[in-house]
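In what follows, a structure is listed as structure tokens, so that the remarks can point back to it.
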Amino acid sequence: MPDRGFTTCLWFDGQAEEAAGYYVSIFPDSKLGDVGRYTEAGPGEPGSVIAASFEINGQKFLGLNGGPQFTFDESISFQIFCEGQDEVDYYWEKLTDGGSEGQCGWLKDRYGVSWQVIPKGLVEMLGDPDRVRAARATEAMLQMRKLDIGELEKAYAGG
């Protein structure tokens, strides 16, 4: 899949091919790419997967089986901007399955990758020049794990 632009490399400990399949199964506009395998030259077991490429919503990824030396943390994350509550619920359910919930729409998936599932209107609410309205939306968001669009809009409106 090399091309112009960027490819995000995610380091796994033996689960690169499994993770690529997992992510492709969740995101509708996605596809699997090439799977690279070790040869007799090593350093891994000949025939075992060294890397698996995949694409999600036009973003290229490479899952690399690099070993246990490095793990994921919150310093790198992906944001999913959702059209409505059904889409928020869908991604939240799929990505927290085997993972964990965090505050303010953040979660970790089963591999430890961090995501924030965000309704599209939230950015505008939080950036509203009317700082009172923005503060109400922020206060509501800070009380949530999975973001609830109806509750955010209600707080934003002052209700």
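Laid out as a table, the results:
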{"read-out": "Hits among aspartates and glutamates - C-alpha to C-alpha of Lys31 under 13 Å, sequence gap 8 or more where chains match", "value": "Glu17, Glu55"}
{"read-out": "Per-q log10 I(q)/I(0), the chain, q = 0.12, 0.16 Å⁻¹ (Debye; single scatterer per alpha-carbon; no solvent)", "value": "-0.60, -0.92"}
{"read-out": "Share of alpha-carbon pairs per 5 Å distance bin for region 68-125, given as whole %", "value": "4, 20, 30, 23, 14, 6, 2, 1, 0"}
{"read-out": "Rounded FRET efficiency, nearest 0.05, which uses the C-beta distance separating Tyr38 from Gln79 and R0 of 30 Å", "value": "0.30"}
{"read-out": "Sulfur and carbon atoms: percent of accessible area, the chain [1.4 Å]", "value": "51"}
{"read-out": "In degrees, nearest ten, helix 16-26 long axis to first principal axis of the chain (Cα)", "value": "40"}
{"read-out": "Cα-projected label distance for Trp11 with Asp97, points at 7 Å along beta-carbon direction, nm", "value": "2.9"}
{"read-out": "Value of [θ]222 nm, deg cm²/dmol, for the chain, DSSP H segments ≥ 4, -39500 (n - 2.57) each, nearest 500", "value": "-9000 deg cm²/dmol"}
{"read-out": "Choice from Thr71, Thr39, Thr138 with maximal GNM fluctuation in the chain (Cα, 10 Å cutoff)", "value": "Thr39"}
{"read-out": "Region 79-86 - phi-based ³J(HN,Hα) in whole Hz, Karplus 6.51/-1.76/1.60, Gly and Pro as x", "value": "10, 10, 8, 10, 6, x, 5, 4"}
{"read-out": "Gyration tensor verdict on region 15-81 (Cα atoms; rounded if a/c is under 1.5, prolate if a/b is larger than b/c, oblate otherwise)", "value": "oblate"}
{"read-out": "Share antiparallel - DSSP beta bridges, the chain, percent rounded to 5", "value": "60"}
{"read-out": "Highest average packing first - 123-133, 10-20, Cβ atoms within 10 Å", "value": "10-20, 123-133"}
{"read-out": "Positive minus negative residues near Tyr156 (Lys, Arg vs Asp, Glu; Cβ under 15 Å)", "value": "-2"}
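The values are calculated or read from the model by the stated rules, or taken from the named source; none is laboratory data. This is a predicted model, so every value here is computed, not measured. Positions of Cβ are generated from backbone atoms using ideal geometry, with glycine treated the same way; all protein chains shown enter the neighbour counts. Surface accessibility is based on the protein's heavy atoms, side chains included, excluding ligands, DNA and RNA. Shrake-Rupley method; radii C 1.70, N 1.55, O 1.52, S 1.80 Å.
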